[in-house]
4 protein chains.
Amino acid sequence: MSETIDLTDRTAETDRAASVRLNDEKMRQILEGARRVFLADGFDGASMNDVARVAGVSKGTLYVYFQSKQALFEALIREEHRRTAERLSMFDEAEPDVALVLTRFGNALMNFMLLPEHIALVRTVSAAAAKFPAIGRAFFDAGPQYGADRLAAYFSQQVEAGALFIDDVNLAAWQFLEALQGGHLKRMLFCVCEPPQQDAVEKAVARAVEMFMAVYRPK
Amino acid sequence: MSETIDLTDRTAETDRAASVRLNDEKMRQILEGARRVFLADGFDGASMNDVARVAGVSKGTLYVYFQSKQALFEALIREEHRRTAERLSMFDEAEPDVALVLTRFGNALMNFMLLPEHIALVRTVSAAAAKFPAIGRAFFDAGPQYGADRLAAYFSQQVEAGALFIDDVNLAAWQFLEALQGGHLKRMLFCVCEPPQQDAVEKAVARAVEMFMAVYRPK
Amino acid sequence: MSETIDLTDRTAETDRAASVRLNDEKMRQILEGARRVFLADGFDGASMNDVARVAGVSKGTLYVYFQSKQALFEALIREEHRRTAERLSMFDEAEPDVALVLTRFGNALMNFMLLPEHIALVRTVSAAAAKFPAIGRAFFDAGPQYGADRLAAYFSQQVEAGALFIDDVNLAAWQFLEALQGGHLKRMLFCVCEPPQQDAVEKAVARAVEMFMAVYRPK
Amino acid sequence: MSETIDLTDRTAETDRAASVRLNDEKMRQILEGARRVFLADGFDGASMNDVARVAGVSKGTLYVYFQSKQALFEALIREEHRRTAERLSMFDEAEPDVALVLTRFGNALMNFMLLPEHIALVRTVSAAAAKFPAIGRAFFDAGPQYGADRLAAYFSQQVEAGALFIDDVNLAAWQFLEALQGGHLKRMLFCVCEPPQQDAVEKAVARAVEMFMAVYRPK
DNA sequence: GATGAATGAGCTTTCATTCAT
DNA sequence: GATGAATGAAAGCTCATTCAT
């Protein structure tokens, strides 16, 4: 069952035909083609024909590397969310100014989340989640949930250090992450438009930090 | 071009064949069938066959009422976001306790946004937005944006009345709306799971109100 | 499971989409096209494309009338073996000369079994039987077995009437039917050649009757 | 043209690439794999992929040893019918009891013909005969026809020796061979079932001998 | 107005075959 | 000599759409 596949534990090797060493270059070509086509058209909207053409390989070759359209899609999403996870910046735990840490983190995160290609990924994965729950879950765990966990851990640290007063660090993390967006992500998700002005984003981040510090900073 | 269609200005009448008065009952049947199928399978994943079967009409009849699959989908989304817009409760401007107003509003909104059928709509529309930007925009304007505008207007009122201190009411509205979600909407969007416990949602709403009041309430 | 389908109980109606009355002419066209293509190329060798072209309908239409290639093939074989069964002539029980009855029957049967189109059917069905046992069994029951049963019943009558002495009428029937062939059927089955000369067949029939009467006629 | 190939005159050597001495072990492996796959799935139903996998060699290697799928199939059938021919037991010309000779021969032949793998071969070859007449003919000549010829030669001997009275030894041979089957071969051909009970086969053989001796034994 | 039969383009996938290594 | 990566044609099948009734 596709539902039971744990995407996070798969390595690229397991996508390949057993005991066969396929061409790495071709593999990259195919995944790149799949990325372009799937992210543009969605799972159902994309055709293997298109993927083959964009990847510059024959349709048959697609099936040498991947068992099915679904398998290719899953491999792609796996690949993508690995990049996503790697992207998540760490917190500078040595920096004593919590507001500064959050501001830096917020700006970095927003810059990434508002990239058109990330928006396309979100769109594609959320649509696919209805059909392939495992894919949606893997993306959620490695992306939003992972980020929230890291942030909550940072908060716990600061609470112990007496720099913050928070009773529910998880909820606090989620709400800070949501507030950061200031509607910009939703607008891009639905409106297919250019990313917002850099200063609008920075202002949203600044206000989110302000709001957060107003509640959770010790008086 | 689908990009130029302005969904918000269309009335149901303009979908119909010119100069013919079609059966309203059939029309409702078709839209209900389309709702079930499109929201379950997405635009590309749905087939007109399924829509016809679920609606209980013949495939030919579908094309009597709608020019194409795309036209039917657009009509459906239009219908849906009209319901959505109607759903958005008003603010009790007479109630002097702002925190209470926001809490009531927040709970009502979250209860609606976390309905599985609303999640399905969000998924479907965001996926379709890549192909049919007009649909995404119409949904955004009538849904999230409309809500933010109403909330911002309420904030302006309260600022004038001296009950709140806000310099950017729009940003404040958006951030309050985002903070309300506390990650629950994202989880449902990606994870195909049951709506969260009622008390978890209420806690998220309460904290969002607290956070908001901490920054914007006059000292 | 295809294995459990009882071909003999199906009527033509059940092949059709439920509650839909499809065009009889088209149905006949399709079955005729299928007959030509399947009997010439076998199940695996035939393509639905070819069937559609030979039948003079579109590929899509094939699937309006039949759910799958296998379903079409099964319907065809059902149709064919109905014709086959009808073909089996009765025995003139009033005729007192048993040898004459057997000679007439043998000649009629051989004339039918050696028809190129019957040979093609035997080839196709026996090959398909490995994949679809139900088809092979249905053909066997309605063809060879049915014939053997009828013949055995006739023998029983003659035994009771004192015209023949047979202890195992079933075995006697089978061996008479086999002896009739005199290698001609095998030659056509493997050699793709013209049916043998009429007099060669008649001689084989005559010898088979002789042989049969030599053992089973009362002295 | 495949029609003009005379399988009976080919030796294994001519299948091989000119002037190369290929590995005999590999050759056997391939033919064994081909036997398993072709006899199970038929010519059209079998894939070179399956043959390669079952044979334990690479797909490329198949084409080193055989020019094409058809060539491999022909080589296999050639191989098979050589085994078949070798299988045909000789007649004990010294044994004075003709009925005993025929009974021994009949039992040995039936035991062989009813082997599931022989049935599979008959099915596969008869199906292939429509497409590759040369294959069907080669099988017929080396199998049924060869057997009938040997038997007819034995009959001639016995006629000359005064042990039998037969005017057409060829027809007599064929009819004895057919009568032996008693329907058992047909049943297995169409019904994909277990071989019949040993005693049922022996009874059929005994009756066939009886019937034969009743006509052709001198009074 | 409503139907459902019919279509043909296009879908995912398989397969016999080739070729560089 | 043996391999397996790569191919493109063709397979079975689906689907949005049209049209005669």
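The values are calculated or read from the model by the stated rules, or taken from the named source; none is laboratory data. Bear in mind the structure is a predicted one, so any value in this text is a computation, not a measurement. Here the Cβ is made from the backbone with ideal geometry for all residues, glycine too, and neighbour counts use every protein chain on show. Accessible surface areas use protein heavy atoms only, side chains included; no ligands, DNA or RNA. Shrake-Rupley method; radii C 1.70, N 1.55, O 1.52, S 1.80 Å.
Descriptive notes on the structure:
- Cα convex hull volume per residue for segment B:135-219 (Å³): 102 Å³
- Of all chain B C-beta atoms, the nearest to the rotation axis linking B with C is recorded, alongside its rounded Å distance, as B:G60, 4.
- With contacts taken as Cα pairs under 8 Å at a separation of at least 6 residues, chain C carries a relative contact order of 21 percent.
- Among C:N111, C:N23, C:N49: highest mean-square fluctuation, GNM of chain C, C-alpha pairs under 10 Å: C:N23
- Value of relative contact order over segment B:88-216, rounded to a whole percent, pairs C-alpha under 8 Å and six or more apart: 31 percent
- Charge sum, other residues only, whose C-beta stays under 10 Å from D:G45's C-beta, Lys/Arg counted +1 and Asp/Glu -1: -3
- Directionally averaged projected area (segment C:23-116, Cα convex hull): 7.4 nm².
- Alpha-carbon centroids, segment B:96-146 and segment A:117-178: separation in whole Å: 20 Å
- Averaged over peptide A:197-205, the number of partner chain Cβ atoms lying within 10 Å of each residue's Cβ comes to 1.
- Residue by residue along A:207-216, Cβ atoms of other protein chains within 10 Å of the local Cβ number 5 on average.
- Electrostatic bookkeeping for B:F91 treats Lys and Arg as +1 and Asp and Glu as -1; over the other residues with beta carbon under 15 Å from its beta carbon, the sum is -3.
- Overall, the accessible surface of segment B:88-216 at a probe of 1.4 angstrom is composed of carbon and sulfur to the extent of 56 percent.
- Once the partner protein chains are put back, segment D:100-133 shows a loss of at least 10 square angstrom of accessible area, versus the chain by itself, at D:V122, D:R123, D:S126, D:A127, D:A129, D:A130, D:P133 (probe 1.4 Å, ligands and nucleic acids excluded).
- Using a 1.4 Å probe over protein heavy atoms, the accessible area lost on pairing A with B, summed over both chains, comes to approximately 4000 Å².
- Per-residue ellipticity at 222 nm computed for chain C from its helices equals -22000 deg cm²/dmol, with DSSP H segments shorter than 4 residues left out and the rest contributing -39,500 (n - 2.57).
- Kirkwood-based Rg to Rh ratio, the protein assembly as shown, C-alpha trace: 1.18
- Kyte-Doolittle mean at least 0.0 and Cα axial length at least 18 Å: DSSP H helices in chain A: A:98-113, A:116-129, A:169-181, A:198-216
- Residue with peak Gaussian network fluctuation, chain A [Cα springs, cutoff 10 Å], from A:G182, A:G56, A:G33: A:G56
- Shortest-first nm distances, A:K59 label point to equivalent points in other copies (7 Å, Cα→Cβ): 0.9, 1.6, 2.2
- 18 Å Cα-Cα threshold exceeded, pairs from D:K26/D:K131; C:K186/D:K186; A:K59/B:K131; A:K26/A:K59; A:K203/B:K186; A:K219/B:K219: D:K26/D:K131; A:K59/B:K131; A:K203/B:K186
- Listed peptides D:41-47, A:134-140 by packing density, highest first (mean Cβ within 10 Å): A:134-140, D:41-47
- The radius of gyration of the Cα set in chain D, together with its Dmax, comes out at 19.9, 66 angstrom.
- Using the Cβ of D:A163 as centre and a radius below 10 Å, the other residues enclosed give a net charge of -1, where K and R count +1 and D and E count -1.
- Placing a label point 7 Å from Cα along the Cα-to-Cβ axis, A:E25 is separated from the same position in the other copies by 3.6, 6.0, 6.8 nm, shortest listed first.
- Among C:L180, C:L39, C:L100, the residue with the largest mean-square fluctuation in a Gaussian network model of chain C, with springs joining Cα atoms closer than 10 Å, is C:L100.
- Label geometry 7 Å along the beta-carbon vector: D:A99 inter-copy distances in nm: 2.3, 11.5, 11.9
- Over the C-alpha trace of segment D:86-191, radius of gyration and Dmax come out as 15.0, 46 angstrom.
- Taking segment D:59-143 and dividing mean pair separation by its residue count, relative contact order in percent (alpha carbons under 8 Å, at least six apart): 36 percent
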